[in-house]
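Colleague: One structure, as structure tokens, below. Some questions next.
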Amino acid sequence: MAALLVTFSTMGRLVRELVLLFKKPDARALLLWMVGLLLVGTVFYHNVEGWSWLDAFYFCVITLSTVGFGDLSPTMPESKIFTIVYILLGLSIFVSLVNMLAKTRREIHS
């Protein structure tokens, strides 16, 4: 029970920090880029690879977060080329967003 309370408390702080973060114009721009990139990737993999919408979105999130379970992988040559570009663009946006969140957390806690 205590672990559940700690989890909810941590989630509440994270949501509050995200709200503060996205009041900044730079963070909003990064968020829009991230959402757009996830949307483009999801549509691409759904149409080209024939994956379900959930599988396509799952692959995009797993890829950009660098988890990469390997349960799904592109099979078509055009998908492989797209994935290379997707990773190079998406990873830089994802890391920038995480960096901004870390800075915001430091500002709040200092």
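Coordinate-derived values only; no laboratory data. The model shown is predicted, which means the values in this text are computed figures rather than measured ones. Here Cβ is always computed from backbone atoms with ideal geometry, including for glycine, and neighbour counts include all displayed protein chains.
Colleague: Quick one: if you stick a label point 7 Å off each Cα along the C-beta vector at Ile108 and Leu91, how many nm between them?
Modeller: Here the answer is 2.8 nm between the modelled labels.
Colleague: Next question, about the same structure. Along the Cα→Cβ direction, 7 angstrom out, place labels at Asp26 and Thr10. What is the inter-label distance in nm?
Modeller: Modelled inter-label distance: 2.8 nm.
Colleague: While we're looking at this one, here's another question. Using 0.36 nm times the number of residues separating Ile81 and Asp55, minus their current alpha carbon distance, what extension gain do you get?
Modeller: Answer, rounded to one decimal: 7.5 nm.
Colleague: For the chain, what D do you get in µm² per second when you plug the Kirkwood radius from alpha-carbon pairs into Stokes-Einstein at 25 °C and 0.890 mPa s?
Modeller: Reported coefficient: 158 µm²/s.
Colleague: A further question follows. Below 16 Å, Cα to Cα, which aspartates and glutamates can Lys103 reach? Residues fewer than 8 away in the same chain don't count.
Modeller: Glu17, Asp26
Colleague: Helix-only estimate, please: 222 nm mean residue ellipticity of the chain, summing -39500 (n - 2.57) across DSSP H runs of length 4 or more and dividing by its residues, to the nearest 500.
Modeller: After summing the helix terms and dividing by residue count, I get -28500 deg cm²/dmol.
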